[in-house]
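Nothing in this text is a laboratory measurement; each read-out follows from the coordinates by a stated rule. Source: prediction; values computed, not measured. Don't worry about glycine lacking a Cβ; one is built from the backbone with ideal geometry, like all the others, and counts go over all protein chains shown.
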């Protein structure tokens with residue numbers, strides 16, 4: 001049991017969670033979720049995994065606050081507001097935490113000895129793909145809703161209102177690709193730093209990781225949009241005459257099911273898409289890296 005690493009992860013994630021709470025980026029339950037996922041990912045996955053998690057959290061948080069006044073009128077469409085709660089933090093980091101636990105259970109090797117282990121490499125690629133997916137989805141949402149053109153439903157191509165689940169724009173798709181590539185670049189740079197610190201040399205053969213993360217993250221975000229357009233639970237507020245992801249609308253009125261599966265909310269959609277992106281990254285890694 002890497003006790004020291006777990007304690008370091010706990011301290012760091014608690015500090016970041018407290019700061020995010022003070023900055024109105026997390027609710028109290030969101031802090032708990034951030035501490036749980038952060039501790040497990042740092043403790044069992046290692047520092048490279050933990051730094052990638054921080055890169056996702058910082059970049060997505062900054063974009064969530066950017067031009068918030070322009071996005072505020074769409075708040076009644078989305079299931080959650082700008083402050084992430086427990087469900088959102090587990091949806092975004094839960095699969096990564098599960099992969100980190102898998103590393104602890106399946107890879108009985110210390111530190112740098114893991115680097116040549118194919119199981120560790122597979123799980124690490126899956127983790128990077130999952131983080132690329134949730135980052136891509138966040139960037140696409142935060143920037144896509146600001147696009148000048150109307151979004152189109154991913155399944156039919158028909159124009160839909162801004163904020164509609166499953167609606168995509170060219171700007172949002174490019175933002176998703178950029179968000180996924182950002183995680184790939186961060187992962188690559190963190191790996192180089194770790195290799196330089198431990199072996200004195202770089203691992204430039206890992207350069208395809210950037211493209212793998214970009215492709216897997218974009219694909220995972222499109223899975224998110226596809227699920228949002230088809231099977232995610234969507235509701236209707238009679239009072240406001242608006243479609244929403246909320247069971248209780250921002251006006252306080254209980255909504256009625258419109259389409260999709262009631263149990264499949266936005267948090268579960270995010271989690272499933274992160275699994276899809278992670279698995280794709282791992283498969284691509286088998287072809288291009290391992």
If all Cα-Cα distances of the chain are sorted into 10 Å bins from 0 onward, what percent lands in each bin, rounded to whole numbers? 7, 29, 35, 20, 8, 2, 0
What do you get for the angle between helix 86-106 and the principal long axis of the chain? Use alpha-carbon atoms, 0 to 90 degrees, nearest ten. 20 degrees
Take peptides 264-275, 4-15 and line them up by average Cβ neighbours within 10 Å, highest first, as a rough protection proxy. 264-275, 4-15
Estimate the FRET efficiency between residue 283 and residue 28 by the formula 1/(1 + (r/R0)^6), using the beta-carbon distance for r and 45 Å for R0, to the nearest 0.05. 0.75
Angle in degrees between helix 208-230 and the longest Cα principal axis of the chain, rounded to the nearest 10: 30 degrees
Short to long, in 10 Å steps from zero, the percent of alpha-carbon pairs of segment 160-290 per bin is 13, 31, 26, 17, 10, 4, 0
0 to 90° range, to nearest 10: angle between helix 28-40 axis and the chain longest Cα axis: 30 degrees
Quick check: from the Cα gyration tensor, does segment 93-232 come out rounded (a/c under 1.5), prolate or oblate? prolate
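With r as the distance between the Cβ atoms of residue 251 and residue 117 and R0 = 51 Å, compute the FRET efficiency 1/(1 + (r/R0)^6) and round to 0.05.
On the way: r = 54 Å, r/R0 = 1.06.
With a Förster radius of 51 Å, E is 0.40.
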Rounded to 5, percent antiparallel among DSSP beta bridges of segment 3-288: 85 percent
Stretched fully, the stretch from residue 66 through residue 189 gains (0.36 nm per residue minus C-alpha distance, one decimal, in nm) 41.7 nm
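Quick check on the exposure proxy: order 66, 263 from fewest to most C-beta atoms within 10 angstrom.
On the way: 66 12, 263 7.
If I rank by nearby Cβ atoms, fewest first, I get 263, 66.
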Extended-chain gain in nm, criterion 0.36 nm per residue less alpha-carbon gap, residue 262 and residue 18: 84.6 nm
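When a footprinting reagent is the concern and you count Cβ atoms within 10 Å, what order do 27, 119 take, fewest first? Don't skip to the answer; put the middle values down first.
On the way: 27 19, 119 13.
Placing the least packed residue first, the sequence is 119, 27.
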Sequence gap at least 6, Cα distance under 8 Å: using those rules, report the relative contact order of segment 135-177 to the nearest whole percent. 50 percent
Divide by every residue of the chain the summed helix terms, -39500 (n - 2.57) for each DSSP H run of at least 4, and state the resulting mean residue ellipticity at 222 nm, rounded to the nearest 500 deg cm²/dmol. -21500 deg cm²/dmol
Fewest Cβ neighbours within 10 Å first, please rank 245, 253 accordingly. 253, 245
Between residue 205 and residue 156, what length comes free when the chain is fully extended (0.36 nm per residue of separation minus the Cα-Cα distance, one decimal in nm)? 13.6 nm
Give the peptides 139-151, 163-175 in descending order of average Cβ contacts within 10 Å, highest first. 163-175, 139-151
Radius of gyration, Dmax [segment 1-64; alpha carbons; angstrom]: 11.3, 36
Find the centroid of the Cα atoms in segment 195-219 and in segment 230-290, then give the distance between the two in whole Å. 30 Å
Over segment 3-288, calculate the relative contact order: mean separation of alpha carbon pairs under 8 Å at least 6 apart, over the residue count, as a percent. 20 percent
